[in-house]
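Inspection log for the structure reproduced underneath, given as C-alpha cells.
None of the figures in this text is laboratory data; all of them are computed from the coordinates on show. Everything quoted here is computed from the prediction, not taken from an experiment. Don't worry about glycine lacking a Cβ; one is built from the backbone with ideal geometry, like all the others, and counts go over all protein chains shown.
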C-alpha cells in the first residue's frame with residue numbers, strides 16, 4: 001500500500017512539473033521583451049525552449065530562482081545563477097543582478113520560476129538604471145496586473161523600489177564597481193546569496 005501511495009505522489013509531481021513546463025517548443029510562459037535585442041524575461045524555460053532561444057540569438061541567461069539550477073537542462077548559453085530567496089531580496093541583490101545585466105553578453109534572458117515578482121523587480125531596476133525611467137513609472141509597470149504578480153505575498157518589493165537611492169545605484173552600477181559578493185564567486189558562473 002505504501003509503495004502505491006509513493007508511486008501516485010511521484011506521478012502527481014511529474015504531471016505537475018510537465019504541466020508547468022509546457023512541453024511546446026517556443027517561448028517560455030510570461031515571455032516579455034524588456035529591451036529589444038538586449039534583455040528578455042520569462043518564467044522558467046524548459047530544455048526545448050532554451051534550445052529555441054539559442055537558435056534565435058540569445059547568448060546568456062540570468063536565473064534568479066532560489067532552489068533550481070538551469071545547468072542540467074541547458075548547454076551553449078552562458079549562465080549566471082544568482083539564487084535569490086523570493087522573500088528576502090535586498091538592495092545588494094538588485095545591485096548584483098544589475099551588474100550581471102551590465103556585463104553579460106546580450107541578448108540575455110532573465111527568469112525566475114513564474115517570470116514575475118523577482119524578475120519584475122530586476123526588470124524595473126533595469127529600466128530605472130539603464131533606460132533612465134522614473135522609479136514611479138517603473139513601479140507602475142511592476143504593479144501592472146498583467147504581470148501576474150503575487151499581489152499580497154511580496155509587498156516588500158514595491159517598498160524596495162521606493163527605498164533604493166537610484167542615483168547612487170546608477171553611479172555604482174554604471175561606473176563598473178563590483179558587487180558586494182565574495183571575490184571567489186565573481187569568477188564562477190554561480191553567484192551565491194548570503
> Taking other Cβ within 10 Å of each residue's Cβ, how do 110, 51 sort, fewest first?
Replying inline: 51, 110
>> For the range 52-136, take the convex hull of the Cα atoms, compute a quarter of its surface area, and give me that in nm², please.
In response: 5.8
> Ranking 169, 89 by Cβ neighbours within 10 Å, fewest first, what do you get?
Replying inline: 169, 89
>> Given the range 26-177, report the % of alpha carbon pairs whose separation exceeds 29 Å.
In response: 11
> What is the antiparallel percent of DSSP beta bridges lying wholly in the range 26-177, to the nearest 5?
Replying inline: 20
> Simple spin-label model, 7 Å along Cα-to-Cβ: residue 103 to residue 35 in nm?
Replying inline: 1.7
